[in-house]
Amino acid sequence: MEKFDLKNLTIEELTEHFKARGEKAFRAKQLYQWMHQKLATDLSQMSNLPAALREQLAQEYDYTVLRQEQVQISKQDGTRKYLFALPDGNFIESVWMQYHHGNSVCISSQVGCRMGCSFCASTLGGLVRSLSAAEMLEQIYAITRDTNERVSNIVVMGIGEPMDNYDNIVRFLRMISDENGLNISQRNLTVSTCGLVEGIKKLSEEGLAVTLALSLHAVTDEKRKAIMPVANRYSLAELMEACDTYFDKTGRRISFEYALIAGVNDTPEDAAGLAKLAAKRHCHVNLIPVNPVTERGYKEPDRSAVVAFQKRLEDLHVTATIRREMGRDIDGACGQLRRKTLQL
């Protein structure tokens, strides 16, 4: 019989599973707390569980723990870029960032990515596989153990397209916000998508209070198709309709992520088009000077051009911020550290 991972089970599933084994329900809660509150790295650490039970669980189930393969620490701002090895030998990245409002972690949702966005290093090797909920949770747990500091905000913006791993993403969101685990507020959880319309609409029906961040990056179908293959499947009109549905169902304001690429999408006309889309929906715009990726050849606009683009949006009554550039002295762009390791 194929083993399954204990960390993938919700508290309700674990309780039912223990009952079926003939174990008392409170044992399930003890185990869950060891996994998701005390962040135990091994079943042997769970001292209030009977030794015989621990041995049985170790033999019959998997228990995902990530191995820290490498960590880069920025001398500029203390940002930490982690390369984690999965049990099957694949690699993923996570980033820990310090802000005045607390510690934020950016996690990966897949090993690689098949979306093909032309400015992103994550997609260069294609998609290997999706991550389980346990593997997403463990990124946060491993970083918490390493820094000994609580994580207050999580963004699913690392390697992979979250909506391409929908069921595991929703399971992860419910478990990370569970009061029996780390109990991180759903309002402090952000899920990014390049624009898979069906996933956005489905997420709007889940009863979650998470923030949706749309990787927009262009304001015409023609330009978006040139840099984001997903635009060949969904038009901007379909995408905006899905965003409207998400806001109507959840009441959560959407964030438009916009990577500024010099000479590609940073013109006054681009700013006007972005303002038209955002103002109508009361969206917040997050401007991101593109992280240079060697294989892509894209360049970020100079600082004055970025500020001018922001001002044009604000003049058109759109709230826009320039993302604070974290960890630029390390492999900050999504997928860069993993790619370097695979090329060694």
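The values are calculated or read from the model by the stated rules, or taken from the named source; none is laboratory data. Remember, predicted model here, so these are calculated numbers, not experimental data. A quick note on method: Cβ atoms are made from the backbone with ideal geometry, for glycine too, and the neighbour counts reach across all protein chains shown.
The table below gives the values:
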read-out: Filter result (without any contact (Cβ under 8 Å) to a residue 24 or more places away in the chain, on the phi < 0 side of the Ramachandran plot and within 23 Å of the chain's Cα centre (by Cα)) within the range 51-82; value: R67
read-out: Considering residues of the range 36-68 that are surrounded by 15 or more Cβ atoms within 10 Å (Cβ to Cβ) and of a type in the set (D, E, K, R) only, the residue nearest to A134 (Cα to Cα); value: D62
read-out: Breaking point among (1) modelled with pLDDT under 95; (2) surrounded by fewer than 16 Cβ atoms within 10 Å (Cβ to Cβ); (3) touching a helix residue (DSSP H, G or I) at 6+ places or on another chain (Cβ under 9 Å), for A237; value: (1)
read-out: Per-region count, the range 7-50, residues under 14 Å from Y61 (Cβ atoms), within 25 Å of the chain's Cα centre (by Cα) and in a helix (DSSP H, G or I); value: 6
read-out: In the range 62-87, the residues that are in a loop (DSSP other than H, G, I, E, B) and at pLDDT below 95; value: S74, K75, Q76, D77, G78, T79, P87
read-out: Of residues in the range 122-134 being buried (at least 24 other Cβ atoms within 10 Å of the Cβ) and in a loop (DSSP other than H, G, I, E, B), the one modelled with the highest pLDDT; value: L131
read-out: Total residues in the range 88-102, condition more than 17 Å from D146 (Cα to Cα) and in a strand (DSSP E or B); value: 2
read-out: The range 107-164: number of residues that are of a type outside the set (V, I, T) and more than 28 Å from L14 (Cβ to Cβ); value: 17
read-out: Residue within the range 96-106 that is closer than 23 Å to L131 by Cα, modelled with pLDDT of 95 or more and touching a Leu at 6+ places or on another chain (Cβ under 7 Å) present; value: no
read-out: Test for D270: is it in the same structural domain as M163 (by TED's automatic domain parsing) and loosely packed, with under 15 Cβ neighbours inside 10 Å; value: no
